[in-house]
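S.K.: Next up is a structure, given as structure tokens.
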Amino acid sequence: MDSRITRIRSKLAKIPYQAQRSHSVGAERHQFRLGPRISASEADAFEAEHRIVLPVAYRAFLIGLGGSGAGPFYGLLPLEECRLFTMNRKPADGSPRGFTHVDRPDALQGDLYLHIIEMGCSDLCLIAVTGPLTGRVVTGNADGFWPPNVSSAQDFLRWYERWLNQMRDGKDNRALGLTSPATVATAPWGFRAIASPRCQYIDGADPAVST
């Protein structure tokens, strides 16, 4: 088992009791609780049905930690609810790329991205399962309201642990749906969730998807 699994489990258990943590969009839904782990045979069956291989770190999380629940934004989708998308071509007018579900007739034949985190509306948090970005988390909007963004975290476990670490440390990070305690306390309008189909989540260290 990946040694990071034990470390992440410990950090997640402590998060609800850390008074100075950042507000995480959607935490009210999952309350930092993970759903039941999936079995290796369930992962195998999903891979066979969809003719893909789940990225190693993501699969390790589902089998070793939990198959749904606690995660950035509104949390991890159960594997049976995860759907495959392809990225659209770059529009001629230079506007951002969107994503299309693979079952639609207008979907491109290209690299595949699995929708794994619920962000709300038409926003998507996906993990690349084929192509040069395999294993990397990508956020975007199905309708191209804002540009896709590739996390600098090299795999899912690093991305997930970054969320925990930055929340613990009271950081602001829109790319992870985090708002610092100071921002929440001083905002004259009170706190509002930042997830919306027209918001652009910017992770300063992460490169945008190249065209």
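The values are calculated or read from the model by the stated rules, or taken from the named source; none is laboratory data. Fair warning: this is a prediction, and the values are worked out from it, not measured in the lab. Here the Cβ is made from the backbone with ideal geometry for all residues, glycine too, and neighbour counts use every protein chain on show. For accessibility, only protein heavy atoms count, side chains too; no ligands or nucleic acids. Shrake-Rupley method; radii C 1.70, N 1.55, O 1.52, S 1.80 Å.
S.K.: All but one of (1) over 30 Å from residue 7 (Cβ atoms); (2) open to solvent by 20 Å² or more (accessible area, probe 1.4 Å); (3) polar (S, T, N, Q) hold for residue 86, so report the exception by its number.
M.R.: Unmet for residue 86, out of (1) over 30 Å from residue 7 (Cβ atoms); (2) open to solvent by 20 Å² or more (accessible area, probe 1.4 Å); (3) polar (S, T, N, Q): (2).
S.K.: Which numbered condition in (1) open to solvent by 20 Å² or more (accessible area, probe 1.4 Å); (2) within 17 Å of the chain's Cα centre (by Cα) is the only one that residue 45 fails?
M.R.: Of everything listed in (1) open to solvent by 20 Å² or more (accessible area, probe 1.4 Å); (2) within 17 Å of the chain's Cα centre (by Cα), residue 45 misses just condition (2).
S.K.: Report the residue count in region 46-64 for those that are assigned to a loop (DSSP other than H, G, I, E, B) and either in contact with a Gly (Cβ under 6 Å, 6 or more places away or on another chain) or not basic (Lys, Arg) (or both).
M.R.: So the count comes out to 4.
S.K.: I would also like to ask the following. State which residue is most open to solvent (accessible area, probe 1.4 Å) when the search covers only region 105-123 and only residues that are of a type outside the set (Ser, Thr, Tyr) and under 11 Å from residue 84 (Cα atoms).
M.R.: 111
S.K.: When the residues of region 89-104 are filtered to those that are in contact (Cβ under 8 Å) with a residue 40 or more places away in the chain and basic (Lys, Arg), which remaining residue is surrounded by the fewest Cβ atoms within 10 Å (Cβ to Cβ)?
M.R.: So, considering only residues that are in contact (Cβ under 8 Å) with a residue 40 or more places away in the chain and basic (Lys, Arg), the one surrounded by the fewest Cβ atoms within 10 Å (Cβ to Cβ) is 90.
S.K.: Next question, about the same structure. I'm told residue 67 meets every condition in (1) out of contact with any Lys or Arg (no Cβ under 7 Å at 6 or more places or on another chain); (2) not in a helix (DSSP H, G or I) except one. Can you identify the failing condition by its number?
M.R.: (1)
S.K.: Go through the residues of region 66-83 one by one and say whether even a single one is surrounded by 19 or more Cβ atoms within 10 Å (Cβ to Cβ) and polar (S, T, N, Q).
M.R.: yes
S.K.: When residues of region 19-31 are filtered for being open to solvent by 20 Å² or more (accessible area, probe 1.4 Å) and assigned to a loop (DSSP other than H, G, I, E, B), how many remain?
M.R.: Summing the residues that are open to solvent by 20 Å² or more (accessible area, probe 1.4 Å) and assigned to a loop (DSSP other than H, G, I, E, B) in region 19-31 gives 4.
S.K.: Quickly run through region 2-59 and pick out the residues that are on the phi > 0 side of the Ramachandran plot and of a type outside the set (D, E, K, R).
M.R.: 26, 31, 32 - these are the residues of region 2-59 that are on the phi > 0 side of the Ramachandran plot and of a type outside the set (D, E, K, R).
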